[in-house]
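Structure record follows, encoded as structure tokens.
The values are calculated or read from the model by the stated rules, or taken from the named source; none is laboratory data. Everything quoted here is computed from the prediction, not taken from an experiment. No Cβ is skipped: glycine too gets one built from the backbone with ideal geometry, and neighbour counts run over all protein chains shown.
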Amino acid sequence: MINFFPKYIANRAIMVYIAALFAVTVLFMRHAMSWYWFVFGLVAVLCFFHFSNVLTKKWGNYSQKLFTRKLFTTALIIRVVYVIFSYWFYTFMTGQPLEFYAADSAAYHRVGMFMARALSYGNWGVFAEIMDDVGPSDTGFFSYLGVMYWIFGDSILIFRLIRTLLGAYMCVLVYKLAVRNFGETTGRMAAIFCMLMPNLIYYCGLHLKELEMVFLAVAFVERADYAMRSPKFTVGNMILPILLAGSLFFFRTVLGAAALFAFFVAVFLTSQRVMKMNKRIVLGILIIVTVGYFMGGRIAMEVEGFWADRDINQANSMEWRAQREGGNVFAEYAGAAIFAPLIFTIPFPAMHEVPLLHKNQRMIHGGNFVKNITSFFTILAIFLLFFKSKTWKNHILILTFTGAYLGIIALSAFAHSERFHLPALPFALILAAYGISQMTNKRYKMWFNWWSIFIFVACVGWNFFKLLGRGLV
């Protein structure tokens, strides 16, 4: 096994990014990005790959206690610095500390202030009012934001600084989960990936629900995995993952459904060496009771409606993207047949400038490229677990949760939206760390070389079709 992130992979990834960025810029010079988007992309890509190599070696010999402290502290510092910078950057660029074309985040902020005022007057019925107005899938974040504003005031900056603690602690949870599944060195690699992953840092500086949602998803899988593997058979171990899975319904209903489905499958398919029969029976009963609780009411209706209308919603979304002003005429030809095979890899980075469009995508394009590269190792890990080592039953919770959620997204109207992929990203990085640890075979290195060429072609081709579809080439 390889116990650190190899320098040749880091250097190859950086070279591919610079080559793709150069090619897109030269080929489509009229639509070259503004200089600051280049800076965002270069910082994201260089820092992730360079420090993944440096830190996996430097921190490799630390004790578990020291590593955990270093991981949490460094992740927190990175996120605090980014939150302060992004607050200033958005204010300078847009006149308000919200992202470009802010819609959902502006609504969250307004409703959060409304709820905080209601709570200050003792109106606890405001939670039921919000549920009636917005439905289950947004109630969780609205309620959380309202309570935080009520306690700490409605300062956007203070709220974001507080939530950096969740982002940093999520890296610790990833470390615990990955160590339990794949061993100490792979766990450290996965945790460092999450600490440095640009997309996971980016959402600390936004007023969107993704950060809390990802934290809860990681907390659920980590606690569920612990409940299945731990020799301790306690009420807390059994109940906590169920409560965490239930909380996900109030952030994104299909995420809660994927969590319960994955937990149920894992309980009954996990290797007997991992979990004994008595624990299977207790957890199975708890999951069935929880599913029964959510079977009725608006949550079940929302999940059923999403599934029943998945094909129509995806087709309508692609048609709208094609027909709107500034839209891409090729969008209506995209669908599950294209998205599903690439679901671990997409979206590809937007490396060109289109007036009044895609500023948020340009800002995060470096993070998307990092995901494009690391997805090779995620796919390799899945291949090895199923077909070479055949130990997939030992890791079925991570595999099922990731596959179930991304499968739902591939069939939805949000298949190419980076934001909707985020809950699966920490688990994809855990699998990527395992895949990298197995890169001792020359054949795998050759496959990565071919993958690097594919990503270069895909990045250039994606930007070409984005421009061509708008009649700009």
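Could you check how many residues of the range 86-104 are modelled with pLDDT of 90 or more and not in a loop (DSSP other than H, G, I, E, B)?
So the count comes out to 9.
Select from the range 78-92 the residues that are in contact (Cβ under 8 Å) with a residue 40 or more places away in the chain, hydroxyl-bearing (Ser, Thr, Tyr) and surrounded by fewer than 19 Cβ atoms within 10 Å (Cβ to Cβ) and list them in ascending order.
Hit for the range 78-92 is Tyr87, nothing else.
Filter the range 20-59 down to the residues that are among the polar types (S, T, N, Q), farther than 14 Å from Phe464 by Cα and in a helix (DSSP H, G or I) and list them by number.
Within the range 20-59, Ser52, Asn53, Thr56 meet the criteria.
How do the helices (runs of 4 or more DSSP H) wholly within the range 124-231 filter down when requiring 2 or more residues that are of a type in the set (Val, Ile, Thr): which remain?
Here the list reads 126-134, 136-152, 156-182, 184-196, 210-229.
For the range 2-14, give me the residue count where each residue is in a helix (DSSP H, G or I) and more than 11 Å from Ile373 (Cβ to Cβ). Write out each step before concluding.
If we filter the range 2-14 for residues that are in a helix (DSSP H, G or I), which is where we start, we get 7-14.
Now restrict to residues that are more than 11 Å from Ile373 (Cβ to Cβ): 7-8, 11.
The total comes to 3.
Considering only residues of the range 423-461 that are buried (at least 21 other Cβ atoms within 10 Å of the Cβ) and over 19 Å from Phe383 (Cα atoms), which is nearest to the chain's Cα centre (by Cα)?
Pro423
Within the set of pairs 6 or more residues apart or between chains, which connect a residue that is more than 15 Å from Leu196 (Cα to Cα) inside the range 55-66 to a residue that is exposed (fewer than 11 other Cβ atoms within 10 Å of the Cβ) and of a type in the set (S, T, N, Q) with Cβ atoms less than 6 Å apart?
Sorted first by the residue in the range 55-66, then by its partner, the list stays empty.
Which residues, taken from the range 371-422, are surrounded by fewer than 24 Cβ atoms within 10 Å (Cβ to Cβ) and of a type in the set (D, E, K, R)?
Lys388, Lys390, Lys393, Glu418, Arg419
Scan the range 127-142 and report the pairs whose first residue is more than 11 Å from Leu248 (Cα to Cα) and whose second residue is among the β-branched types (Val, Ile, Thr) and surrounded by fewer than 15 Cβ atoms within 10 Å (Cβ to Cβ), with Cβ atoms within less than 9 Å and a gap of 6+ or a chain change.
Phe142/Val134
Residues in the range 296-314: is at least one of a type in the set (S, T, N, Q), over 30 Å from Gly187 (Cα atoms) and modelled with pLDDT under 75?
Keep residues of the range 296-314 that are of a type in the set (S, T, N, Q), which gives 313-314.
Of the ones still in play, those that are also over 30 Å from Gly187 (Cα atoms) are 313-314.
Next, only the ones that are modelled with pLDDT under 75 stay: 313-314.
Yes, the range 296-314 contains a residue that is of a type in the set (S, T, N, Q), over 30 Å from Gly187 (Cα atoms) and modelled with pLDDT under 75.
Please pick out the residue among Leu119, Leu196, Leu165, Leu173 that is touching a helix residue (DSSP H, G or I) at 6+ places or on another chain (Cβ under 8 Å) and farther than 30 Å from Ala381 by Cβ.
Working: Leu196 fails: farther than 30 Å from Ala381 by Cβ; Leu165 fails: farther than 30 Å from Ala381 by Cβ; Leu173 fails: farther than 30 Å from Ala381 by Cβ.
That would be Leu119, the only listed residue that is touching a helix residue (DSSP H, G or I) at 6+ places or on another chain (Cβ under 8 Å) and farther than 30 Å from Ala381 by Cβ.
Only one of these is at negative phi, buried (at least 24 other Cβ atoms within 10 Å of the Cβ) and of a type in the set (Val, Ile, Thr): Ile151, Ile162, Ile201. Name it.
Values: Ile151 fails: buried (at least 24 other Cβ atoms within 10 Å of the Cβ); Ile162 fails: buried (at least 24 other Cβ atoms within 10 Å of the Cβ).
Answer to the selection: Ile201.
Consider Tyr8 carefully, then state whether it is under 29 Å from Asn441 (Cα atoms) and surrounded by fewer than 18 Cβ atoms within 10 Å (Cβ to Cβ).
Criteria met by Tyr8.
Pick out the one residue from Ala191, Ala178 that is over 20 Å from Ile77 (Cβ atoms), surrounded by 24 or more Cβ atoms within 10 Å (Cβ to Cβ), under 18 Å from the mean Cα position of the chain (by Cα) and of a type in the set (Gly, Ala, Ser).
After applying the criteria, what remains is Ala178.
Select from the range 204-242 the residues that are at pLDDT 95 or above and of a type in the set (Phe, Trp, Tyr) and list them in ascending order.
Within the range 204-242, Phe215, Phe220 meet the criteria.
Any idea which of Ala107, Ala75 is among the small types (Gly, Ala, Ser), crowded, with 20+ Cβ neighbours inside 10 Å and part of a helix (DSSP H, G or I)?
Criteria check complete, one pass: Ala75.
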